[in-house]
Each structure stands twice: as C-alpha cells, then as structure tokens.
Amino acid sequence: MSAQLQAEERVWDPLVRITHWTIALSVLLNYAIVDEESVLHVWIGYVALAMLGLRMIWGLVGTERARFTSFPPSPRAALAHLGSMFSGSRRAHTSHNPLGALMVYGLWAMLFLVGATGMVLDIVGEYGMLGEAAEETHEVAATLLIVMAAIHVSGVLLESRLTGTNLVRQMTWLSGRKSEET
Ligand code: HEM
Ligand code: HEM
C-alpha cells in the first residue's frame, strides 16, 4: 500500500485541489440548485471566478505539475492519446494527459465566459442590447459548461479504468503530505 500511496500523494498540490473542488461545486450549485436571480448566485459566481484567477496565476508560478508548461494544449498529442487509449499502448503522464489538458483549457475558457457575462449581467442588468446579449450568452455558455463537465467526468472515469489508476482519488487526497510510512 505504501508505494501506491506515495505515488498518489504527490500528484496535485493543495491549491489545485482546492480550486478544482470549489469551482466544481460552485458551477453545479449555480447551475442546478441556487436561484439564478439571487444574490447568492452572484456571490457563488464570484467565488468561482476568484478560484479561476488564482488557478491561472498558479499555472504560471505554481508547482511543476500545476504549471501550464506541464500540459501544453496540443490537438495532435490529444489525438495520439485518444488512439493509445484504445490500442493499449499507454504512456505515463506527469500532469494532465494531452486529451484531458484540452478539456481543462476548454473548461477554464467556458467558465471565464460564463463569469464575464455574469458580471455584465450583475452590473448592467438583463435589459438593453448589452444586457440581453450577456443573458443569452451566459445561459448558453453555462449549459455548454455543464455538458463539458459531464464529458470531463466520463473521461476521468474511463481513463481511470483503462490505466488502473484512481484519478479521482489523486484529486481528492486530503492529507496531502508524505505519509507515515515514508
Ligand atoms: C459559476 C458558474 C455559473 C453558472 C453555471 C451560472 C448559470 C446561470 C444560469 C443557468 C442562469 C439562468 C439564465 C437564464 O435562464 O436566463 C443564470 C443567470 C444569472 N447569472 Fe449566472 N451562472 C454562473 C456564474 C455567474 C456569475 C459569476 C455571475 C455574476 C457575477 C452571474 C450572474 C447571473 C445573473 C445576474 C443572472 C440572472 C439573469 C436573469 O435575470 O435572467 N452568474 N446563471
Ligand atoms: C462542474 C464540474 C467540474 C468542473 C468545471 C471541473 C473542471 C476541472 C478542471 C478545470 C480541471 C483541471 C484542474 C487543474 O489543473 O487545476 C479538472 C481536473 C480534474 N477533475 Fe474536474 N471538474 C468538475 C467536476 C469533476 C468531478 C465531479 C470529478 C470527479 C468525479 C472531477 C475529477 C477531476 C479529476 C480527477 C481531475 C484531474 C484529471 C487528471 O488527472 O488529469 N471533476 N477538472
């Protein structure tokens, strides 16, 4: 058990894990549970945006694995990874795998769009040309974000099965430190 634990422990630093789960929770709450017209919706939205901002800074100056340079967007590498998922010729990746990386950038971009249009709505309201455009875009982008998140989770589960690694556990591991047995 210890070898596996040690390998898993170091995967994602606390900032990555905290921003991930805060963003995931905020998006799900705002999409499915919290009243869209409420102050709470706006607050949760700003929390998600703050986490996104923090993660973007961390992508530049954070730990090795969390940095953008560790998972550059590459459609070619993503396609190659897709092929390898079915041919069984797997390579280990130190950060997000190339296919996951594309989805991660997509999720961030979509969250940014949802957040930016949400801020416009918060500031100018839903009327007038700008407000109406922001409302339409906010709604469509929020739906796309949820669809992408569903694909993201399916991808995580599939990749976990194919590689025999529990990726969700890597993202949730709470103690975050080298364990007792080291
Ligand atoms: C975190 C992700 C978010 C999700 C998933 C989300 C989702 C949604 C959805 C589905 C609606 C209903 C749209 C409609 O039916 O017209 C809505 C409305 C709204 N959202 Fe968000 N939202 C998010 C973030 C934000 C943020 C960051 C803000 C503001 C800073 C914001 C402000 C608003 C406002 C003001 C409305 C009401 C628009 C209206 O009066 O119809 N949202 N949001
Ligand atoms: C609305 C919901 C969600 C959104 C917007 C979202 C978004 C993201 C983003 C942006 C990343 C990259 C993390 C980073 O580098 O900072 C990520 C990674 C990850 N997410 Fe999510 N996520 C959501 C829900 C979930 C759920 C429900 C699970 C678990 C079942 C999950 C499991 C993971 C895992 C395991 C990774 C790391 C993947 C890897 O090993 O490369 N996510 N997610």
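The values are calculated or read from the model by the stated rules, or taken from the named source; none is laboratory data. Everything numeric here is computed off the predicted structure, so don't read it as measured data. Cβ coordinates were reconstructed from backbone atoms using ideal geometry, including for glycine residues, and neighbour counts include every protein chain displayed. For the accessible areas, the whole protein counts, side chains as well, though only heavy atoms, and no ligand, DNA or RNA atoms are used. Shrake-Rupley method; radii C 1.70, N 1.55, O 1.52, S 1.80 Å.
Selection over the stretch 137-176 of residues that are of a type outside the set (Val, Ile, Thr), assigned to a helix (DSSP H, G or I) and in contact (Cβ under 8 Å) with a residue 12 or more places away in the chain gives a count of 15. Hey, does the stretch 94-108 have a residue that's open to solvent by 80 Å² or more (accessible area, probe 1.4 Å) and out of contact with any His (no Cβ under 8 Å at 6 or more places or on another chain)? Yes, there is a match, as at least one residue in the stretch 94-108 is open to solvent by 80 Å² or more (accessible area, probe 1.4 Å) and out of contact with any His (no Cβ under 8 Å at 6 or more places or on another chain). Comparison of Met119, Met85, Met103, Met110 shows that the only residue that is under 26 Å from His41 (Cβ atoms) and more than 16 Å from ligand 1 (Cβ to nearest atom) is Met103.
With respect to Leu130, is the statement that it is more than 25 Å from Gly83 (Cβ to Cβ), more than 9 Å from ligand 1 (Cβ to nearest atom) and surrounded by 13 or more Cβ atoms within 10 Å (Cβ to Cβ) true? In short, yes. In a residue-by-residue description of the stretch 54-65, the property of being within 14 Å of ligand 2 (Cβ to nearest atom), open to solvent by 30 Å² or more (accessible area, probe 1.4 Å) and among the aromatic types (Phe, Trp, Tyr) applies to at least one position. Taken over the stretch 66-77, the residue count meeting the criterion of being crowded, with 16+ Cβ neighbours inside 10 Å and either under 14 Å from the mean Cα position of the chain (by Cα) or farther than 21 Å from Met171 by Cα (or both) is 4.
Flag: Met85 does not match the condition of being near ligand 2 (Cβ under 10 Å from one of its atoms) and either part of a helix (DSSP H, G or I) or without any contact (Cβ under 8 Å) to a residue 12 or more places away in the chain (or both).
Answer yes if at least one residue in the stretch 45-61 is basic (Lys, Arg) and within 19 Å of Glu159 (Cα to Cα), and no otherwise. There is no residue in the stretch 45-61 that is basic (Lys, Arg) and within 19 Å of Glu159 (Cα to Cα).
Would you point out the residue of the stretch 142-182, among those that are closer than 17 Å to Ile18 by Cα, open to solvent by less than 40 Å² (accessible area, probe 1.4 Å) and over 12 Å from the mean Cα position of the chain (by Cα), that is modelled with the lowest pLDDT? Looking at residues that are closer than 17 Å to Ile18 by Cα, open to solvent by less than 40 Å² (accessible area, probe 1.4 Å) and over 12 Å from the mean Cα position of the chain (by Cα), I get Gly176.
Here the stretch 10-51 is the region considered, the condition is being within 8 Å of ligand 1 (Cβ to nearest atom) and part of a loop (DSSP other than H, G, I, E, B), and the residue that is surrounded by the fewest Cβ atoms within 10 Å (Cβ to Cβ) is Glu37.
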